[in-house]
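Here the structure comes first, spelled out in structure tokens, and everything after it is commentary.
The values are calculated or read from the model by the stated rules, or taken from the named source; none is laboratory data. As the structure is a computational prediction, the values presented were derived from the model and not from experiment. Backbone-built Cβ (ideal geometry, glycine too); neighbour counts: all protein chains shown. For the accessible areas, the whole protein counts, side chains as well, though only heavy atoms, and no ligand, DNA or RNA atoms are used. Shrake-Rupley method; radii C 1.70, N 1.55, O 1.52, S 1.80 Å.
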Amino acid sequence: MEHNYRTDLWVDWCPGCGDFGILSAIQQSLAEIDKNPENYVMVSGIGCSAKTPHYVNVSGIHTLHGRGIPFATGIKLANPNLTVILDGGDGDILSIGAGHFVAAGRRNVDMTIIIHNNGVYGLTKGQASPTMPRGLKTKGLQRPNIYDSLNPVAVALSVGYTFVARAFAFDIKNTKDILVKAIKHKGTAVVDLLQPCPTYNDINTKEWYEKRIYYLDKDPTWDPIVRKADEEEVEKKYLQGIQKSLEWEEKIPLGIFYQNEFVPSYEERINNNIPTYFTDPPATSKICDGNGLPLARMDKIFSDRLIRK
Amino acid sequence: MSEVDIDLIIGGPQGGGIDSAAQIIIRSFSIAGYEAYGIREYHSNIKGRHSYFHVRIKDEEVRSLRYPVDILACLDSETPFVHMYDVTKNTIVLFDEDVKGTKLNQVLTLEPETKKHIEEKLQSEGYELTVSGSLEYMKKRGAILVPVSFRSLVNEALGPSKPPARYANTLGASISMALMGLDSEFTMSGIASVFGKKKEVLEDNEKIVKVAYEYISKNNGLKIKKLGPKTVRERYILTGNEAIAIGKVIGGLKLQTYYPITPAADESFFLEGHDYFDELSGGENETLRKSGVVIVQAEDEISAIAMAISGAMTGARTATGTSGPGFSLMAEAIGYAGINEVPVVITLYQRGGPSTGLPTRNSQADLSFAVNAGHGDFPKIVLSSGDVQEGIEDAVKAFNFAEMFQLPVIHILDKNFANSFYVVDGIDYDRMKIKRWKLPEKQEGEFERFKFTEDGISPMGFFGKNIMWLTGDEHNEIGHITEDPETRDAMMVKRMGKLEIAKKMIPLEDQAILFGDKDADVTIVSWGSNKGIILDVMDKLKQEGKKVNFLYIRMMVPFPTDFVTNILKNSKMIIDVENNYTGQLAMLIKQNCAININKYLLKYNGRHPTEDEVYDGIKKLIDGKSNRVVMTNGA
């Protein structure tokens, strides 16, 4: 029987929320990839987006505000055979969790980060998030926003993410296609998912986006993938991605900005130091015999601590 | 009584090889069959500031250090100033005569406050403000001065091209051992044991030892006592940090996360160098194979604890190690581990707080915080260790308890433990049993990770084995969010009830130990690295005919309330000994047992408490001269 990727919980987002589209796209992408459902783990931080794991019928861990990335990392490092997908909000990942977002780019653990990008903190009544431009006064704000916004795609590229893409929550088919590629990517994939908030962001609405978005892959010359492991190729594709990421306001590109699978994953780097890492990963490695006697022997460790003539 | 009992301090600039000197001394005496134990004191600084190693040598187990010292080895011009109070009649002070003329004001590494104290003291006693002045002051206290020209001895041993400062540590250590009367054969072996891997370095250092011994026999011949060889056995030198690392790996550690912080990071550092090790195959025909432990240097302590928690829920035995500032950052996540019943171990090495405080100095002031870390009510275990043997075994027990009762375990230690050099006989694997309980079975369909069960412990589930949900929100048995009041009540009762289960299942000797007779006039209560000092002081008081016992508390949560109450309710006098300002263990006793403790012996200057000051303090408290004595030893 086919696995049902929906749980039977009532989904408690506001009617018209972009998160519904993201949820459907996730469920469809998991079904399409068709792994053993036990091998998926959905991770989230805190906020509206953070409910997502409860609505997907695979293991889920709803964690602390801003800490989705380290929680996801711990799971993957303990068992590199699992497929780990993190849903975070723009405040979650780019404000309180921004340090983790930078560090994760440097690690390149094989996992997927989905940023639910709506420009506001929904659950706390619509405060401005790091992606809301300066000067905007959405209806939840007392005064226009006096912070400048950051560009999630450009930040992701600059800190070393090896797959950076953008999708629009209300184009479920395209979002699903991008998520499948992100999940299959070796290394950390970041998807900036434009997700209108119908309750608190009355400026960047579904209609606002629909007038501006366009698809990068409609241009047959657009090639975001690093094809060979040489510096020139990497630089070319990287700069092209950065340049594209600067487009906003009039025209908003969707699709893959950059992908490079030549960068070793963090797990591969561990396996270089510990050659049994993939074959005997931490989560399933035996630690004692049937009588509880520990297996680890410390004789070698002790050798330079040995005191003798 | 130990026939041999020598305290030595060797001091010099940070980065000047004090650590190697410590290794040379401990290894040499251990090779000769003696017992040795020492602590390193240092500034939060890489190079230049004053650092020293305090060691005691006996022919029986060394459990404490003591002032005044028998030998003060000064490798630079700062040491005689800052340690001039640490000497008494017949203390041997060896110093570099080339720096005799150095003025107090020329010692730029001295902190102005310290300089002022020294200046006032020397001036009031009528000594000049130079190294010579401080030496003369020590002479007046009864010290025997042994001048050595470091430059000419290094020159004699290695020629003029070698910088004397580089060999000051070996030279100072060798002369000290020559003065103690340790046969040079053992010092040579100690040197070989420290530098054995680097041939050229070893040869140079051997020449230094030779010159040092010749110098002492020619010019001095002064010996505290001729130390002959004892029964020799192979032993190991370990710091507290290393002992915990080893205990953790034996206990099944597979993923350790950390963010660099003193004095915790040395544990993870050591593990990084030993992350690929031998293990038994565990089958019928026992063979050796390779295994690993993944050490992750995270971007901060919040990340470190988060990775450890989720790694634990994926099935690995995981831990993180930190100190006060990092532990403060972890508090929220510890609550997450509490509500999600996650078996994770946090090794907390206390240092002087609050804030950055005294980052490289000792403290026991994080006990209240560890006990209460995290918002809301949730169960955790807080256990402490007092010495290296306990430390290694407790590292295994911490994992066992975490897994059996499905909760975070805080293993609370301190800087004195972390930076002590211990000599151990090796590992008795039979004492390090791994206990597993309710490990997950692979199961199809819906899995109730937080199921209410007869025995009060839910079935464990791991990502990859079971489809399950975790959330920091209150949740139902499946792990989905609920705010239903009845479920909330039941979940609270289930979680908190585990503390009672733990208290029943954990052996009493892992919770608290009473040393000495039940019947006593004075009961000392303390915890952690004070253990050995108090045992030594208790022996001394007993010899004087005092009826003293010692209630040593190992587990702070859950608290061994009945055991402690039964002992303390009949005590005639209770003295609380702790390295903090507020008497945090006494507060915990009051909270749990409704027993007031009125006499305190405390220390919070960050330096290691010593046998003499604990002895003096307890005597003062017994005599009723004071109810609160603060210990101040240490430069």
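Of the helices (runs of 4 or more DSSP H) lying entirely inside region B:323-426, the ones with 2 or more residues being farther than 30 Å from B:V55 by Cβ are found at B:324-339, B:367-372, B:388-405.
Here's the yes/no breakdown for (1) within 13 Å of another protein chain (Cβ to nearest Cβ); (2) acidic (D, E):
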{"position": "A:H3", "(1), (2)": "yes, no"}
{"position": "A:P15", "(1), (2)": "no, no"}
{"position": "A:D34", "(1), (2)": "no, yes"}
{"position": "A:V43", "(1), (2)": "yes, no"}
{"position": "A:S49", "(1), (2)": "no, no"}
{"position": "A:H54", "(1), (2)": "yes, no"}
{"position": "A:I61", "(1), (2)": "yes, no"}
{"position": "A:T73", "(1), (2)": "yes, no"}
{"position": "A:I85", "(1), (2)": "yes, no"}
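Filter region A:120-154 for residues that are hydroxyl-bearing (S, T, Y) and over 15 Å from A:I93 (Cβ atoms); which is most open to solvent (accessible area, probe 1.4 Å)? Only one residue fits best here, namely A:Y147. Residues in region A:264-307 that are part of a helix (DSSP H, G or I), crowded, with 20+ Cβ neighbours inside 10 Å and facing chain B (nearest Cβ under 7 Å): A:I270, A:I301. Going residue by residue through region B:303-313, is there one that turns out to be open to solvent by 10 Å² or more (accessible area, probe 1.4 Å) and either among the charged types (D, E, K, R) or more than 7 Å from chain A (Cβ to nearest Cβ) (or both)? No, every residue in region B:303-313 fails to be open to solvent by 10 Å² or more (accessible area, probe 1.4 Å) and either among the charged types (D, E, K, R) or more than 7 Å from chain A (Cβ to nearest Cβ) (or both).
Hey, among the residues in region B:466-480 that are assigned to a loop (DSSP other than H, G, I, E, B) and β-branched (V, I, T), which one's nearest to the other protein chains (Cβ to nearest Cβ)? If we take residues in region B:466-480 being assigned to a loop (DSSP other than H, G, I, E, B) and β-branched (V, I, T), then B:I467 is nearest to the other protein chains (Cβ to nearest Cβ).
Going through A:G74, A:G99 one at a time, which residue ends up being surrounded by 22 or more Cβ atoms within 10 Å (Cβ to Cβ) and in a helix (DSSP H, G or I)? Full working, then the answer.
Details: A:G99 fails: surrounded by 22 or more Cβ atoms within 10 Å (Cβ to Cβ).
Among A:G74, A:G99, only A:G74 is surrounded by 22 or more Cβ atoms within 10 Å (Cβ to Cβ) and in a helix (DSSP H, G or I).
Being without any contact (Cβ under 8 Å) to a residue 24 or more places away in the chain and under 13 Å from B:Y215 (Cβ atoms), is that true of even one residue in region B:153-174? Yes, region B:153-174 has at least one match.
Restricting attention to region A:1-32 and to residues that are touching a helix residue (DSSP H, G or I) at 6+ places or on another chain (Cβ under 6 Å) and part of a helix (DSSP H, G or I), the residue that is farthest from A:D90 (Cα to Cα) turns out to be A:E32.
Screening A:L157 with (1) open to solvent by 10 Å² or more (accessible area, probe 1.4 Å); (2) over 27 Å from B:A331 (Cα atoms) gives one miss only, at (1).
With a requirement of 1 or more residues that are under 19 Å from B:G240 (Cβ atoms) and touching a helix residue (DSSP H, G or I) at 6+ places or on another chain (Cβ under 8 Å), the strands (runs of 3 or more DSSP E) lying completely within region B:250-312 that satisfy it span B:253-258, B:294-297. Out of curiosity, is B:Y127 aromatic (F, W, Y) and either open to solvent by less than 20 Å² (accessible area, probe 1.4 Å) or in a helix (DSSP H, G or I) (or both)? For B:Y127, the condition - aromatic (F, W, Y) and either open to solvent by less than 20 Å² (accessible area, probe 1.4 Å) or in a helix (DSSP H, G or I) (or both) - is not met. When B:T561, B:T565, B:T523, B:T482 are screened for being out of contact with any Leu (no Cβ under 8 Å at 6 or more places or on another chain), under 26 Å from B:Q350 (Cβ atoms) and among the polar types (S, T, N, Q), only B:T561 passes. Please verify whether B:K442 is more than 14 Å from every other protein chain (Cβ to nearest Cβ), open to solvent by 10 Å² or more (accessible area, probe 1.4 Å) and part of a loop (DSSP other than H, G, I, E, B), treating the condition exactly as stated. Against the criterion (more than 14 Å from every other protein chain (Cβ to nearest Cβ), open to solvent by 10 Å² or more (accessible area, probe 1.4 Å) and part of a loop (DSSP other than H, G, I, E, B)), B:K442 does not qualify.
Can we say B:R431 is open to solvent by 40 Å² or more (accessible area, probe 1.4 Å), in contact (Cβ under 8 Å) with a residue 24 or more places away in the chain and under 34 Å from the mean Cα position of the chain (by Cα)? Yes: the conditions hold for B:R431.
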